[in-house]
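For reference, the structure is listed below as structure tokens.
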Amino acid sequence: MIKANITHYLLIPLLLLSHLSQAAQSIDKQIKVTDVLRLNVKVLRGDVKIKSWDRQEISVQGTLDELSQGFILELQGNSVTLEDKMPQQFSGKNNSGSSLIITVPSKLSLYAKGISSSYNLSNLEGDIRVNTVSGDIKAIKLTDQVQLHTISGDINSDGLKGNIKLDTVSGTIKDKNSDGEISYKSVSGKINASSRATKVTVEQVSGDGRVMLEKVDKLEVHSVSGDIVLSFSALDTVASLESVSGDIKLELPQAINAKFSLNGGPGGKIYNRYSQDKPSQKKYSPSSYLTFQIGKPRADIKVSTISGDIELIKKI
């Protein structure tokens, strides 16, 4: 009985040591950098916040992953590598991963990637690229070249400006106050956008979209097995909208100078609630067509569908 108790008490410190070895390690490091900066970030899981300040210095604070095998913050010329090094094989179910706040100069080239890591970025200018698998991306006031990609995570952005690409597979894209040129791409997810961009591309498959725009130079939309609602206040050049097995609803300004070419295609219907013009159907053809113009056309609006509805309405 005494021997059993001794064994029991000997196990307690061993268990405590085992627990402590798995505890997250705190990190607080700084490194000075050059004016032309390329930052490569690799954090496979957890939460990463990247923000800017007015110093030519990178600061990293927070805690490493419980399974971390070491932290790398290395400068080589103009390039900085920042990595929470992980085992080659690990379970994504173990605890919560890294929790880092990275403060950087506002102008830089940033290439960040992860697996189940979520990224939160704000007030950065340059070539900004983030690629994660199941993590979310939040981006506020990023400028210049911006590419955000996640597979099963969501993208939430506000105030992006420049050449912008937002891409998710099964997640949701929510974008507002963007400007410049923007591309939205989603597969089995949703797109909800309110943008001031003048060149806009939308690609969606098996998901619904709502894209509210202001003055647009060029608009291109491809939708498969999903419905989409589009709105703009003015169009300078061309809008080309296509759908397969999905509806297109186009909300137009009260006054517009444009030529319309609508093709209902096989199994599609056209509902023109914008003007008095009526669609027609050729003899022995399953498709309906509608061509008309408003004002003195300087823009072309082309809409076509297969097995979907086209609806034109006036913005209220």
(Q) Show the residue pairs meeting these rules: Cβ distance below 7 Å; 6+ apart or different chains; first residue within the stretch 214-237 and closer than 20 Å to ASN177 by Cα; second residue of a type in the set (Val, Ile, Thr) and not in a strand (DSSP E or B). (A) LYS215/THR198; VAL216/THR198; ASP217/THR198; LEU235/ILE256
Q) Regarding ILE140, is this residue in contact (Cβ under 8 Å) with a residue 12 or more places away in the chain, crowded, with 24+ Cβ neighbours inside 10 Å, assigned to a strand (DSSP E or B) and of a type in the set (A, V, I, L, M, F, W, C)? A) no
Q | The listed residue being under 10 Å from the mean Cα position of the chain (by Cα), part of a strand (DSSP E or B), within 21 Å of SER122 (Cβ to Cβ) and not basic (Lys, Arg), out of ASP179, ASP167 | A | ASP167
Q: Residue by residue through the stretch 169-213, note down the ones that are among the polar types (S, T, N, Q) and either surrounded by fewer than 24 Cβ atoms within 10 Å (Cβ to Cβ) or free of Cβ contacts under 8 Å to residues at least 12 places away in the same chain (or both).
A: SER170, THR172, ASN177, SER183, SER188, ASN192, SER194, SER195, THR198, THR201, SER206
Q: Please give the number of the condition SER280 fails out of (1) within 25 Å of VAL224 (Cβ to Cβ); (2) surrounded by fewer than 14 Cβ atoms within 10 Å (Cβ to Cβ); (3) of a type in the set (Ser, Thr, Tyr).
A: (1)
Q) Are there any pairs, at least 6 apart or on different chains, whose C-beta atoms fall under 9 Å, with the first in the stretch 78-103 and part of a strand (DSSP E or B) and the second modelled with pLDDT under 85, and if so, which? A) SER98/ALA24; SER99/ALA24
Q: Mind checking which strands (runs of 3 or more DSSP E) fall wholly inside the stretch 244-290 and carry at least 3 residues that are in contact with a strand residue (DSSP E or B) (Cβ under 7 Å, 6 or more places away or on another chain), of a type outside the set (S, T, N, Q) and closer than 13 Å to LYS315 by Cα?
A: 248-252
**Q.** Residues within the stretch 35-77 that are surrounded by fewer than 18 Cβ atoms within 10 Å (Cβ to Cβ), in contact (Cβ under 8 Å) with a residue 40 or more places away in the chain and β-branched (Val, Ile, Thr), tallied
**A.** 1
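The values are calculated or read from the model by the stated rules, or taken from the named source; none is laboratory data. All values reported here derive from a predicted model rather than from experimental measurement. Please note: Cβ atoms are built from the backbone with ideal geometry, for glycine as well, and neighbour counts cover all protein chains shown.
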